[in-house]
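Data first, discussion second: the structure below is written as structure tokens.
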Amino acid sequence: MQSLVNQVVVITGASRGVGAAAARLFALEGTKVVLNGRDEARLREVADGLGVAREQYLAVAADIGAVDGIKKLVGAAVQRFGRIDVFVNNAGLGVRKPITETTEAEWDLMFDVNVKAVYRSFQELVPLMRKQGGGQIINVSTQASRTGRAGLAGYGASKGALNVLCEAVGDELRNEGIKVSLLLPGSIGTGFMTHMGEDRSPSPAGKPRMTPEQVARMIVELAREDREVWTSATEMRPLRTK
């Protein structure tokens, strides 16, 4: 396992849930943390609660589903810290609806945030990581991407596309010292906030769920992995089913 001290870690979707938990854990590892989210006030609250010196973190309010969101985030991180060692594509959104009730706007939002933002992150990060001699991009997917589930067609389809994108790019870059890792968690005890301001959790009510902290610990473990080892895809789920 490698040390993360003074490494620069960028986390999207860091204003709540898994992203906020990951930011706290990375801060404890001694990293320089760049937090991203759309809700500036909530993001600032998480950042100020990290318990580290202000020189060790940066909060960047940006919509990574928008065309220039990722560019703004990467640019701010590099301007402040000079490099990016680990980039966590954690931001995601899901809508639980029958396919005939899922609007085209909702469909596009899921693909913009869950797929296109990751594509754009590769466009920005790969040249940077090549220049600096390596790095890691960790992408948070879902078990719902493996099997089609009623009411989750758009969410599952977008995350399925994310899986293939990440596995392909990981294979492209593995000989250049750049690792692309995919994490597929099962049910998590946190909801998905859509841009329409609705909370539509993809996890059924009453089902055992993992905590955001449990998933965040796996993200940190992937970042701490030996430099010469590549864990391309990791699945995790609650032990119990009821």
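The values are calculated or read from the model by the stated rules, or taken from the named source; none is laboratory data. Predicted model only: the values in this text are computed from it and were never measured. Neighbour counts run over all protein chains shown; Cβ positions are idealised from the backbone, glycine included. The area values use the complete protein model at the heavy-atom level, side chains included, leaving out ligands, DNA and RNA. Shrake-Rupley method; radii C 1.70, N 1.55, O 1.52, S 1.80 Å.
All other residues whose Cβ lies under 13 angstrom from that of Gln56 are scored, Lys and Arg at +1 and Asp and Glu at -1, for a net of +1.
Since only Gly51, Gly37, Val86 are under comparison, the one whose Cα sits farthest along the positive direction of the charge dipole of the range 21-86, derived from C-beta charges on Lys, Arg, Asp and Glu, is Val86. Stokes-Einstein diffusion for the range 1-65, with the hydrodynamic radius set to the Kirkwood value over Cα pairs and evaluated at 10 °C in a medium of 1.306 mPa s, equals 139 µm²/s. Applying D = kT/(6 pi eta Rh) to the chain, where Rh is the Kirkwood radius over alpha-carbon pairs, T corresponds to 10 °C and eta to 1.306 mPa s, the Stokes-Einstein value obtained is 89 µm²/s. Rounded to the nearest 20, the size of the Cβ-charge dipole of the chain about its Cα centre is 440 debye, with Lys and Arg at +1 and Asp and Glu at -1.
Dividing the radius of gyration of the alpha carbons in the range 43-180 by their Kirkwood radius gives 1.01 for Rg/Rh. Per-residue extension of 0.36 nm, minus the Cα-Cα distance of Ala233 and Ala150, leaves a gain of 27.4 nm for this segment. When a 1.4 Å probe is rolled over the protein heavy atoms, the share of accessible surface on the chain that falls to carbon and sulfur comes to 49 percent. Here the average projected area of the convex hull drawn through the C-alpha atoms of the range 62-142 stands at 5.6 nm². Taking amide H atoms as placed 1.01 Å from N in the peptide plane, the amide H of Thr234 lies under 5 Å from those of Leu182, Leu183, Leu184, each 5 or more residues away in sequence or on another chain. Using a Förster distance of 41 Å, how high is the FRET efficiency between Thr241 and Asp48, based on the Cβ-Cβ distance and rounded to 0.05? Efficiency at R0 = 41 Å is approximately 0.60.
Around the amide H of Ala59, modelled in the peptide plane, lie the amide H atoms of Leu35, all under 5 Å away and 5 or more residues distant in sequence or on another chain. Helices of the chain meeting both criteria, an alpha-carbon length of 24 angstrom or more along the long axis and an average Kyte-Doolittle score not below -0.5, with helices taken as full DSSP H segments, are 153-173. For the chain, the solvent-accessible area of protein heavy atoms averages 46 Å² per residue (probe radius 1.4 Å; ligands and nucleic acids excluded). Partner lysines whose Cα lies under 21 Å from the Cα of Lys71, excluding those fewer than 8 positions away in the same chain, are identified as Lys32, Lys116, Lys131, Lys179. Think of each Lys and Arg Cβ as +1 and each Asp and Glu Cβ as -1; about the Cα centre, that makes the dipole of the range 1-92 roughly 80 debye.
Helices in the chain, meaning DSSP H runs of at least 4 residues, each add -39500 (n - 2.57). Divided by all residues, the mean residue ellipticity at 222 nm is -12000 deg cm²/dmol.
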